[in-house]
1. Relative contact order for the chain using alpha-carbon pairs under 8 Å, separation at least 6, rounded to a whole percent?
2. Kindly rank 325-335, 217-227 from highest to lowest mean number of other beta carbons found within 10 Å of each residue.
3. Hey, what angle do you get for helix 335-352 against the long axis of the chain, alpha-carbon based, 0 to 90 degrees rounded to 10?
4. Return a whole-number percent for the relative contact order of the stretch 1-87, with Cα pairs under 8 Å and 6 or more residues apart as the contact set.
5. Rounded to the nearest 500 deg cm²/dmol, what is the calculated helix-only ellipticity per residue at 222 nm for the chain, with -39500 (n - 2.57) per DSSP H run of length n ≥ 4?
6. Explain nothing, just the number: relative contact order of the stretch 6-145, from Cα pairs under 8 Å at least 6 residues apart, as a whole percent.
7. Based on the Kirkwood radius over alpha-carbon pairs, what is the Stokes-Einstein translational diffusion coefficient of the stretch 6-145 at 10 °C with 1.306 mPa s viscosity, in µm²/s?
8. Going by average Cβ neighbours within 10 Å, how do the peptides 317-323, 139-145, 278-284 rank, with the highest at the top?
Amino acid sequence: MERTVIKKFISWKNKKRRKPLLVTGVRQCGKTYLIKEFAVNEFEDMAYFNFDGNEGLQAVFNFDLDTDRIIDELGNVVRGKRIVPGKTVVIFDEIQDCPRAIQALKYFCENLPDLHIIAAGSLLGVALRKEGISFPVGKVDRIEMYPMSFEEFVIADGGGKYIEGVRKLPLEREVSELYTIPLEKYLMNYYIVGGMPEAVQTWIDTHDYKEVEEVQDRILKDYSDDFGKHTTPETATKIKLIWDAIPSQIARENNKFIFSHVKQGARAKDLGDALEWIVNAGIAGKLCMVSTPEIPLSGMADNSYFKVYMSDVGLLRRKSNVNYRTILEGDVAYIHFKGALAENYVYTQLKCMDIDSYFWRTKADAEIDFIIDDEGVLVPIEVKAADNTKAKSLHLFCGRYNPKMAVKTSLKNVGDNMDGNTHVWSIPLYLLFRLKEYLFNEMGWTS
């Protein structure tokens, strides 16, 4: 299945000042498969080492961090074939199980710059925050991987012609039913299946929702099992409470994350570490509030006031026990959660585009679902699940802060209008992958 992150791997390979590459991301998002595919296609030789449960391999790093000795032993002793810089790519998988190997990346960067090294780990975000693990700051390049985007899902499911077709259309042109009907159907299926590669592959092979759900159930169970394997029993219990509460927190009218709704009487100091574990594992992410939207938004964010979204919309749908028929057919009782699912979808797609996002809310309850400052340009984004695009909060925001560009994303077709000094674009949810094209066009830039 085609993944756009491959382009980042190739760019890393060809960098003149390349450092060891650290690939992070939620478990089962396809890191190992994609790294191996990249290695086979781009190098003469691949030396793959998995630290998971391999004490003999870990012992190579225990004596010292002499990179020449390490590479010699890894090549000639462990795998029985010499590692040649420039020809061999070395892959350290599940590197979180060998803290000394993480430390060694610094010395590989300094002493063997010609050697291509890729390190990855399922819970690397958690391991890097454990006491005693020294992270090689400034000595690694990093790529964050996510579940498959909607665009990747459509291409994998045979809809590449629709993606190619709409990319050729002028940004301001209304999209014909030739594209809108199939892309809306793909969007509904993406809400059901999500972007976890195994779930997507199962869908492609079978087009059976039940088989997809079996895969999703297994992934969700694996996530839960990790709580106990990688934490203390007390922390695992708290993580499980947070994990089980995420769907109900997302579905609330005012979906600020409230710890007392996870466990009666609980506060941030009681459960905050458990939530951070889930975020560091990549299973979910925090969307912090910005009350004063000034660039950089990261400097204005209130880290104590946030929403929590899951890293994959399909897993959220399954964990929330929303039947796939409800997504396809609609139901009056599903209207509110439909909006929450659309918001989670937008959150994941922004992540896939490497766009950090926040939200804006006033004391009078006016709210903008997402605000970004990508490329140094502040853009508010209002999300609607259907084709109703009335957005009082967006109008208020534009009147108060005068952003150059704003976005309404829903099932309504492409369109645009002026709200005071702000150019407001209507971008269908299934065309959100063109967001940066709209931004660059608005600013008169070339990509």
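Every read-out reported here was derived from the displayed coordinates using simple, explicitly stated rules and does not represent laboratory data. This one's a predicted model, so the numbers in the text were calculated from it and none came from an experiment. Glycine gets a Cβ as well: all are built from the backbone with ideal geometry, and neighbour counts include every protein chain shown.
1. On the way: 721 pairs, mean separation 58.4, N = 447.
Across the chain, relative contact order equals 13 percent.
2. 217-227, 325-335
3. Approximately 40 degrees, to the nearest ten.
4. About 18 percent, as a whole number.
5. It comes out at -13000 deg cm²/dmol, rounded to the nearest 500.
6. 38 percent.
7. On the way: Rh = 14.9 Å.
Result for D is 106 µm²/s.
8. Descending packing order for the listed peptides: 278-284, 317-323, 139-145.
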